[in-house]
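This report concerns only the one structure given below.
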Amino acid sequence: MTHPLGVSRPELVVTDLPTPEEVFKVPRLGPRELFQFAVGPSLIALGISIGSGEWLLGPLSVGQYGFVGVGWVILISALLQTFYNVECARYVVATGEVPVVGWGRVPPGWRLWVPLSVFVVIFAFIAGGWAASAGQGVYALVHGTVAPAGAEEPRLWAIALLVVVFLITAGARRISRALELANWLLVGSILVILLVLCLFVVPWSVWWEGVRGFFTPAAPPAGITATQLGGLAGFTALASGLNWYVMGHYRDKGYGMGYRAGYISGMRGERREILASGVTFPDDELNRGLWHRWYRLLLTDMWGVFFVGAMLGMLLPTILMSQAVAMTGERPTRASVPTFVASALGQEYGPFLFYVALVLGVLILFSTQLGIFEAMVRVTTDAAHATSPRLRALVEGDPRRFYYPFMIALLVVISIIIHLSLPVALVEWSANMSNLGALLYPFLLIYLNSRLPRPARPRPWHYVILVLNFLFFGFFFVNFIADFLGDPLVTF
């Protein structure tokens, strides 16, 4: 049996969904097993999320303009992005195909959408601003002072951090699992350190201002640019219209039909093939029940872990920045924001908190670069493997033979690019480029999800929210392009 879906790609083979117990190899999936085995892709997404938006763009905007008029953009962006994540992951869980491959089923076919999607992801994220910003933090840790403008050493530390990402993936048996474990450590450490720091140095009045800012509808503050506000919207939570580039981890985790499709193993793992085309399930009573179980796990992973973590990840750094501004009487700039909080805490409380804040910033930005760097390689590998029989024959069905050489090539390119601009300017560019995806992919997703087996199809109001993603993030992208070319359509 097969299930037709879209154009230019083979029909989906039909077979039964696995049970969660079969996938995670437990007799019963209770609360303990849920967090031990089932939660994971949201942590990889959260590791990317708590990064440039939370440590750079959010604090930069709040530090310069305050919470009111900025906070509501953060909240709306996080809500829309989490919903969009769920809809992207719905397709993965129902078909075992990652989104970059699924786009190839949308008319006119894969020859347009697959290469274009790979290009958009790499174009948006190849700037390497996260590694460059983390390199500034490492420099300050080593030398005890902020790097002078234009210094070369922070860039060398940034390149070293990219090499660390390569080593983490190379040493893994199963790459997604290695990223999950790394993010359990990184995200857990980040949130705990942030919480302790904020409880120690931030007055309750500032906490209240931060929370109130999320729920206070107001015009953006005067003076904020279209690029700055669009970057904040794009990189709150994850990457607005391009969030799909991370959702492929649900396949590698084994969610739903992903269990039938395979995964990318590390150098230390067993040789593992990935199906060139997806699989799906029949519309019968057994599989309807299994689908609802998998969908509930997906909602738990995304809303219970990703959304809550993303909101905490934005609240805590922004109130810490607000307090740093109050302590110093200065405002952060693009050049100073990666180490601004550390410098302020060092002046007020001494060198210990200076180094704590530096370590925190490095962890935050490294967790983001870890996920983004690997995801660019993963998306390209999945796209090439699914669409090129010649490549599959060349690598003998082992995607690692493409994955690791391409990662090395990408590392070299990023190492060159990070010498070209300020780290925060690179991140703002990436954030606004991610908004470009909102003009395209919600509609591609509507096409695909409306053709899934009936139990997996979204309800009509889900399509409405996908259109809201298009309107919200698309507005910021169009305004950014107008600003880049001359004058923005809307000024604040």
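The numbers here are math on the coordinates, done by the rules we state, and not lab data. This is a predicted model, so every value here is computed, not measured. When we count neighbours, we look across all protein chains shown, and the Cβ atoms used for this are built from the backbone with ideal geometry, even at glycine.
Report, in deg cm²/dmol and to the nearest 500, the calculated mean residue ellipticity at 222 nm for the chain, where each DSSP H run with n ≥ 4 adds -39500 (n - 2.57) and the sum is divided by the residue count.
Computed ellipticity for the chain at 222 nm equals -21000 deg cm²/dmol.
Per-residue counts of other Cβ atoms within 10 Å, averaged by peptide: what ranking do you get for 340-348, 235-243, highest first?
Those peptides, ordered most packed to least, come out 235-243, 340-348.
Any number yet on Rg/Rh for the range 1-144, C-alpha, Kirkwood?
Across the range 1-144, the Cα-based Rg/Rh ratio is 1.06.
Calculate the all-directions average of the projected area of the range 291-374's alpha-carbon convex hull, and give it in nm².
7.2 nm²
Using alpha carbons only, what's the Rg to Rh ratio of the range 374-480 with Rh from Kirkwood?
1.08
Label points 7 Å out from Cα along the Cβ direction at Glu270 and Val211: separation in nm?
Going by the 7 Å Cα→Cβ label model, 5.0 nm.
Percent of Cα-Cα pairs more than 22 Å apart in the range 68-175, please.
62 percent
Could you calculate the contour length gain from Arg28 to Ser388, that is, 0.36 nm times the residue separation minus the distance between their Cα atoms, to one decimal place in nm?
Gain on extension, Arg28 to Ser388, equals 125.6 nm.
Mind ordering 366-375, 444-453 by average Cβ neighbours within 10 Å, highest first?
For the peptides 366-375, 444-453, the packing ranking is 366-375, 444-453.
In the set (1) 23.5; (2) 22.7; (3) 24.1, which value of Kirkwood radius over Cα pairs in Å was calculated from the structure you see?
Calculated Kirkwood radius over Cα pairs in Å: the matching label is (2).
Amide H to amide H, which residues 5 or more places from Glu97 or on other chains are under 5 Å from it, using H placed in the peptide plane?
Val279
Compute the orientation-averaged projected area for the range 348-419 from the convex hull of its Cα atoms and round it to one decimal in nm².
Working: hull surface 26.0 nm².
If I average the Cα hull's projected area over directions, I get 6.5 nm².
For Ile190, Ile76, what's the fewest-to-most ordering of other Cβ within 10 Å of each Cβ?
With the fewest neighbours first, Ile190, Ile76 line up as Ile76, Ile190.
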